[in-house]
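The values are calculated or read from the model by the stated rules, or taken from the named source; none is laboratory data. Since the model is a prediction, treat every value here as computed from it, not as a measurement. Cβ: placed from backbone, ideal geometry, glycine included. Neighbour counts: every protein chain shown. All accessible areas refer to the heavy atoms of the entire protein, side chains included, with ligands and DNA or RNA removed. Shrake-Rupley method; radii C 1.70, N 1.55, O 1.52, S 1.80 Å.
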Amino acid sequence: MSKFFNSVGRIEYRPDAGPEDTLVYRHYNPAETVHGRTMEEWLRFSPCYFNMFRYFGTDDHYGNHPMVGNWEDGTRSFSNYQRRMQAAFEFFSKLGVRYYSASDRDFAPEGESWEETCSMLEEATTMACNMQQQTGMRPLYFAADLFSHPRYMNGAATNPDSHVFAFACAQVKRAMDMAKRLQAEHFVFFHPRDGYQSPLQRQMYRDIQHMGHLYRMAVQYREKIGYKGHLLIQPKPFDPMRHQYECDAMSTMQMLRHFGMERHYKLYIKPAHSRMMGRPYYHDVYMASAFNMLGMVDAADSYPEINGTSDICASNVRDATYVMKCYLEQSGMQYGYGGFNLSCRIRRESIEPRDMFHGMVLTMDTYARALKNAARMLSDGYFARNLQQRYISYKSGFGEKLDKGSTTFEECEDYIMKYGECQPQSSRQEHYDNMFNYYVYPTKQ
């Protein structure tokens, strides 16, 4: 398959590649066993259809589309979407991945009527199924695009207009039908327009309650059609809305718990969104994992100095290692969840087809290095032993009772009256950072 990317062959693993050999993997070897599984099994890389084939280098204010592939004719015709799909599968295949991630509107445009839209989606799904059979691929996740069309400018599930809410539900229904046909591992809910610009315009609890209704209907329909994929939600703090209701892991988990939906969903965390909130890149990964709610990770990054979505290709091995350490430690990944979506966008100024490959290779190698770093940390056991020592006061005696939640205020006061003032203990933060650097920047291989 070589029609649209003739200048690039299949990307190969070459650990001895030089600095200018940027169309090979230096670290990502899908067959290499790391911490009991192959790299391919751990990482399950999934290029994002939307950011690779529906983003054309547009920025908010300055200029038209400079990045138009040789498969594009500049129209929103169904034939143009079909060529785009052929180009996408060629791109995915040359990367050597087994997964891709997409939404319904990646496959086909909106028609003049609901019936025409559904007809084109049906034909596009058949085409995608055929191409999956040829390439051995399938979606890591599939989704409904509830943000691109102007009807969703005031939100989808949280829209004050019930007609729009009903349209969103109908679109999710059709997208879940597509996800089942395509055998998508996960179905993702992403609501970047479900929030508010001003509290004067919104009934906030009512909006959030409507989101709960959408999630309940999705669970019911998933069971009705026998779809086996997992349901995931991607939090995002803002952009394009001033504030989005599912702004981070904790708020999303609280909403799910409030509506009794927590056992049906997990979270698809994009660490770059934590950076947008002024938190460390890995913050929401650890928060979701702490509650066994981490379902999938997005490997894109954001410029730390820009308070908005930039979706740059990941190159920070240190931050990626923090993510991979948490990812390997969460046992829930053994039960069908997991994977890394490559939702990176190459820059507006990168206009050659091979630049798309450069971006994916950079991100995949970054996370492959991070995987090996994290695996060594876990295998060596130094962090586990140091943490165990730091929390040793909870292992027995009164500390054990505190840890299990089996004490009262009165008992705590009696304990303090008997044993007196606490003795401060050093956090030894520099010691932990020093250990971390040992793995991220090894002095020997």
Revision key, fill the gap. Between the Cα axis of helix 317-329 and the main Cα principal axis of the chain, the angle (0 to 90°, nearest 10) is 70 degrees
Study note, to complete from the structure: Heavy-atom accessible area per residue of region 312-365, all protein chains kept, 1.4 Å probe, expressed in Å², is 35 Å²
Review point. What pairs in K180/K228; K325/K395; K395/K418 have C-alpha atoms more than 18 Å from each other?
Key: K325/K395; K395/K418
Review point. Just the accessible area per residue of region 153-246, please: how many Å² with a 1.4 Å probe?
Key: 45 Å²
Check your understanding: What Cys residues in the chain are without a partner cysteine, judged by a Cβ distance under 4.7 Å?
Key -> C48, C118, C129, C169, C247, C326, C412, C422
Practice item. Specify the angular offset, from 0 to 90 degrees and rounded to the nearest 10, of the alpha carbon long axis of helix 409-419 from the longest principal axis of the alpha carbons in the chain. Key: 50 degrees
Check your understanding: In terms of the ratio Rg/(2.2 N^0.38 Å) built on C-alpha atoms, what value belongs to region 319-430?
Key -> 1.72
Point to revise | For peptides 140-147, 23-30, 394-401, 12-19, sequence by mean Cβ density within 10 Å, most packed first | key: 140-147, 23-30, 394-401, 12-19
Review point. Which lysines have a Cα lying under 23 Å from the Cα of K94, excluding residues fewer than 8 positions away in the same chain?
Key: K3
Check your understanding: Tell me, Kirkwood radius of the chain from alpha-carbon pair distances, in Å?
Key -> 23.6 Å
Revision key, fill the gap. With the charge dipole of region 363-422 built from beta-carbon charges (+1 for Lys and Arg, -1 for Asp and Glu) about the Cα centre, the Cα from A375, T408, G420 projecting farthest to the positive end belongs to A375
**Study point:** Between 0 and 90°, nearest 10: helix 249-258 axis offset from the chain longest Cα axis
**Key:** 90 degrees
Exercise for review: Could you please state how large a percent of the accessible area of region 307-398 is carbon and sulfur, counting protein chains only and using a 1.4 Å probe?
Suggested key: 48 percent
Check your understanding: How large is ³J(HN,Hα), in whole Hz, for each residue of region 95-104 in order, when computed from phi with the Karplus curve 6.51 cos²θ - 1.76 cosθ + 1.60 and θ = phi - 60°, using x for Gly and Pro?
Key -> 6, x, 9, 9, 10, 9, 10, 8, 10, 4
Point to revise | Accessible carbon and sulfur surface of region 156-230 relative to its total accessible area, %, 1.4 Å | key: 53 percent
Revision key, fill the gap. Per the helix-only model, the chain has a calculated mean residue ellipticity at 222 nm (DSSP H runs of ≥4, -39500 (n - 2.57) each, divided over all residues, rounded to the nearest 500) of -14500 deg cm²/dmol
